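Trainee: Here it is, the structure, as structure tokens.
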Amino acid sequence: MILVTGATGTVGREVVRRLPADLAVRIMARTPGRVTGAAGTAQVVPGDFSDRSSLERALSGVSTVLLVTMPYGDDDARFLRTAFSAGVRRVVKLSAAAVADSRAEDLIARMQRRNEDLLRGSGMEWTLLRPRSFMSNALAWARSVRSDDVVRALYGMSANSCVDPRDVAEVAVRTLTEEGHAGRVYTLTGPEPITAVEQTAQLAEALGRPLRFEELGPDGARTALGSYYPPTVVEALLESAERQRDGAKRDVDTAVPTLLGRPAGTFRGWAKDHRGAFTTD
């Protein structure tokens, strides 16, 4: 049986939509009613990383896990101990591309490295998925695009080889359902580095109306991010943006096309498929 965690998140919800209905699948969620798109044969169970008894119930009879956690806190340590005790054989973990960058010393990168090390030392087979930033991060611009036809972002000319989360989900499904991925690390990127200014132009093309880009300074970005994240995470994200400005996120990896047998999805394609989020209709 395959257990999927993080099933209401950006990647997890795409994974549950793609897992074949003839597989034994269990989905763990804090709020099971928020899980959508799963096959009718899938079990949806309540579970919380901080509640060992709920983890034990969710992991009973499970052989393979997709592990998606917040990159800070002790969720990985608690989950991996319980999974090993339950007899889980393989864990596919969603991590981050920044782990491999020696210049990345922000809180999130450090915690992801720690969590990867915990998995490697867990006694279970492991596969690491390290995506670059998600194209869907552009959804943070939806409100200002709808109201003012404007995209506001930090360092608009810095490039990022961001990845379509649907590609990450397809890779996750392959690593969960196929053999041959144990001990492998996959860095998942889009097909090209792209700047926020270029994304704005492609989003405008998808919407069929002009948009303008406004550069945020660090203080403005700190204020905007502070609406969603605690201060320690905000500072980590600002440090990450500095590395992007220095070119740390430009590199394109071949893992997505190699594993999926097709080119990685483009931001232009993502924007076209999600233009409804940016309209007032």
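Every number here is computed from the coordinates shown, using simple stated rules; none is lab data. Every value quoted in this text rests on a predicted model; they were computed, and no experiment measured them. Glycine gets a Cβ as well: all are built from the backbone with ideal geometry, and neighbour counts include every protein chain shown.
Trainee: What number results when the radius of gyration of region 1-54, computed over Cα atoms, is divided by 2.2 N^0.38 Å?
Mentor: Region 1-54 yields a ratio of 1.04.
Trainee: Considering the dipole of region 1-64 built from charges on the beta carbon (Lys and Arg +1, Asp and Glu -1) around the Cα centre, which of S53, A38, M28 is farthest to its positive end?
Mentor: Working it through, the farthest residue towards the positive pole turns out to be A38.
Trainee: So, one more: Which value, to two decimals, describes the C-alpha radius of gyration of region 48-92 once divided by 2.2 N^0.38 Å?
Mentor: Rounded to two decimals, the normalised Rg is 1.04.
Trainee: Please give the length that would be gained between S102 and K272 if that part of the chain were fully extended, namely 0.36 nm times their separation in residues minus their C-alpha to C-alpha distance (nm, one decimal).
Mentor: Result: 57.7 nm gained on full extension.
Trainee: Residue by residue, what Karplus-based ³J(HN,Hα) values in Hz, rounded to whole numbers, does region 256-265 have, using 6.51, -1.76 and 1.60 with θ = phi - 60° and x for Gly and Pro?
Mentor: Result, ordered by residue: 4, x, 5, 6, 9, x, 7, x, 5, x Hz.
Trainee: Using the Cα centre of the chain as the reference point, and only Cβ charges (+1 on K/R, -1 on D/E), how large is the resulting charge dipole? Debye, rounded to the nearest 20.
Mentor: 540
Trainee: Between V150 and Y228, what is the label-to-label distance in nm when each label sits 7 Å out along the Cα-to-Cβ direction?
Mentor: Distance between the two pseudo-spin positions: 1.9 nm.
Trainee: How fast does region 233-281 diffuse by Stokes-Einstein, in µm²/s, taking the Kirkwood radius from C-alpha pairs at 10 °C and 1.306 mPa s?
Mentor: 115
Trainee: In addition: For region 127-274, which semi-axes, largest first and in whole Å, follow from the square roots of 5 times the eigenvalues of its Cα gyration tensor?
Mentor: 28, 19, 13
Trainee: In whole angstrom, and with the biggest value first, how far do the Cα coordinates of region 192-281 range along each principal axis?
Mentor: 40, 36, 21
Trainee: Also, I was wondering about something else. By the scheme Lys and Arg +1, Asp and Glu -1, what is the net charge of all other residues having a beta-carbon under 14 Å from that of T232?
Mentor: The answer is -2.
Trainee: Put +1 on the Cβ of each Lys and Arg and -1 on the Cβ of each Asp and Glu in the chain; which of G6, S240, M135 then has its Cα farthest toward the positive end of the dipole?
Mentor: The listed residue farthest towards the positive side: G6.
Trainee: Work out the length of the dipole vector of region 118-206 about its Cα centre, built from +1 on the beta-carbon of each Lys and Arg and -1 on the beta-carbon of each Asp and Glu, and round it to the nearest 20 debye.
Mentor: 340
Trainee: To continue, here is another question. Please compute the alpha carbon radius of gyration of region 194-243, then divide it by the globular-protein estimate 2.2 N^0.38 Å. Two decimals is fine.
Mentor: Output field value: 1.38.
Trainee: Farthest toward the dipole's positive end in region 162-277, which of C162, A221, A264, given Cβ charges of +1 (Lys, Arg) and -1 (Asp, Glu) about the Cα centre?
Mentor: Farthest towards the positive end: A264.
Trainee: To check my understanding: the extent here is largest minus smallest coordinate of the Cα atoms along each principal axis. What are those three numbers for the chain, in Å, largest first?
Mentor: 54, 39, 35
Trainee: Fully extended, how many nm does the chain gain between S50 and S63 (0.36 nm per residue separation, minus their Cα-Cα distance)?
Mentor: Contour length minus Cα-Cα distance gives 2.6 nm.
Trainee: As an exercise, use a Förster radius of 22 Å and the Cβ-Cβ distance of M70 and Q43 to find the FRET efficiency, rounded to the nearest 0.05.
Mentor: 0.40
Trainee: Only sites in a loop by DSSP and with at most 13 other Cβ atoms within 10 Å count here; which GluC sites (Glu not before Pro) in region 168-225 make the cut?
Mentor: Answer by residue number: E178, E179.
Trainee: When the Kirkwood radius is taken over all Cα pairs of region 58-173, what Stokes-Einstein diffusion coefficient follows at 37 °C and 0.692 mPa s, in µm²/s?
Mentor: 204
Trainee: At most 13 other Cβ atoms within 10 Å and a DSSP loop assignment: could you name the GluC sites (Glu not before Pro) in region 87-159 that fit?
Mentor: Listed in order of number, the matching sites are E105.
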